[in-house]
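Reviewing the structure listed below.
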């Protein structure tokens, strides 16, 4: 499999209409990465992150940061091929201390999506904006497909929001959401699915605030993120590090003074999200969504 073929595949969203096709692409990309890279660059400030540099076929581009503690490679990717969907299918039965299977869920989702992102990073610089849009759209689709794999009704689209005053519905307005979770036709939860919270955090909190005000309801709102790191160049020539894109002050301010979200989930969770008491209360790893919270939302009474 050539890099050109992988780039072409990742650039066409029609190739990703099932979870199995996402997994197959990840396997092909990891097989290519095992021998087709120019170099792997270690981050200068957080050594668990790597940057892959392509050869001439990838314009010598350098990829996004890759967390080596989460990313599978060609030598251990069989677990994604053979075990991921089986484990995910019984996610609601996994106890909180089953770190083996919960880690598999986190790492598989991270690996699958990062393979797409890294393939798109090989595109010429002039196509970077298009690549970011495709990558974001495919992450939204992946999460939706995984929810559907569990037998839960889920889609992206618009919700017709009833505007209620004094108990009377006056009219309806359309509201766009990345994730609409339903049970027997009734909306149970709404969600935002983004590769990063960068430049998006304000809107996610406001979405819940406005929806609650417009409808006089407390419908759960969640946010799912892949990670919150980006590449930065250090002062030393041709060396790279990572910057955090998460804004803890904003998150805590909106949580305390506006409204808390009903679930915030990461594949690649940042250290301060587990060290800070308030952040730890509201932010969890993505396995918590599939193993516990999704089912609580579905079973929630109106």
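The values are calculated or read from the model by the stated rules, or taken from the named source; none is laboratory data. Remember, it's a predicted structure, so these values are computed and weren't measured experimentally. A quick note on method: Cβ atoms are made from the backbone with ideal geometry, for glycine too, and the neighbour counts reach across all protein chains shown.
Residues of region 124-174 that are crowded, with 19+ Cβ neighbours inside 10 Å and under 21 Å from residue 2 (Cβ atoms): 131, 134, 135, 138. In region 172-221, what count of residues is obtained for those that are touching a residue at least 60 places away in the same chain (Cβ under 8 Å), under 17 Å from residue 262 (Cα atoms) and more than 18 Å from the chain's Cα centre (by Cα)? Final tally of qualifying residues: 2. Note on region 233-253: residues that are on the phi < 0 side of the Ramachandran plot and over 21 Å from the mean Cα position of the chain (by Cα) total 10. The number of residues in region 69-95 being surrounded by 15 or more Cβ atoms within 10 Å (Cβ to Cβ) and under 23 Å from residue 242 (Cβ atoms) comes to 3. Within region 262-288, the set of residues being closer than 12 Å to residue 244 by Cβ and in a loop (DSSP other than H, G, I, E, B) comprises 268, 269, 270. None of 207, 202 is in contact with a helix residue (DSSP H, G or I) (Cβ under 8 Å, 6 or more places away or on another chain), surrounded by fewer than 21 Cβ atoms within 10 Å (Cβ to Cβ) and over 24 Å from residue 151 (Cα atoms) except 202. Quick check: is even one residue across region 224-239 more than 19 Å from residue 141 (Cα to Cα), surrounded by fewer than 16 Cβ atoms within 10 Å (Cβ to Cβ), in contact (Cβ under 8 Å) with a residue 40 or more places away in the chain and in contact with a helix residue (DSSP H, G or I) (Cβ under 8 Å, 6 or more places away or on another chain)? So far as region 224-239 goes, no, none of its residues is more than 19 Å from residue 141 (Cα to Cα), surrounded by fewer than 16 Cβ atoms within 10 Å (Cβ to Cβ), in contact (Cβ under 8 Å) with a residue 40 or more places away in the chain and in contact with a helix residue (DSSP H, G or I) (Cβ under 8 Å, 6 or more places away or on another chain).
With a requirement of 3 or more residues that are touching a strand residue (DSSP E or B) at 6+ places or on another chain (Cβ under 6 Å) and at pLDDT 95 or above, the strands (runs of 3 or more DSSP E) lying completely within region 159-242 that satisfy it span 168-183, 186-194, 221-225. Looking only at region 41-60, filter to residues that are within 22 Å of the chain's Cα centre (by Cα) and not in a loop (DSSP other than H, G, I, E, B); which one of those is surrounded by the fewest Cβ atoms within 10 Å (Cβ to Cβ)? Across region 41-60, the extreme among qualifying residues is 50. The listed residues are 95, 124, 65, and the only one of them that is at pLDDT below 95 and either at negative phi or not assigned by TED's automatic domain parsing to the domain that holds residue 37 (or both) turns out to be 124.
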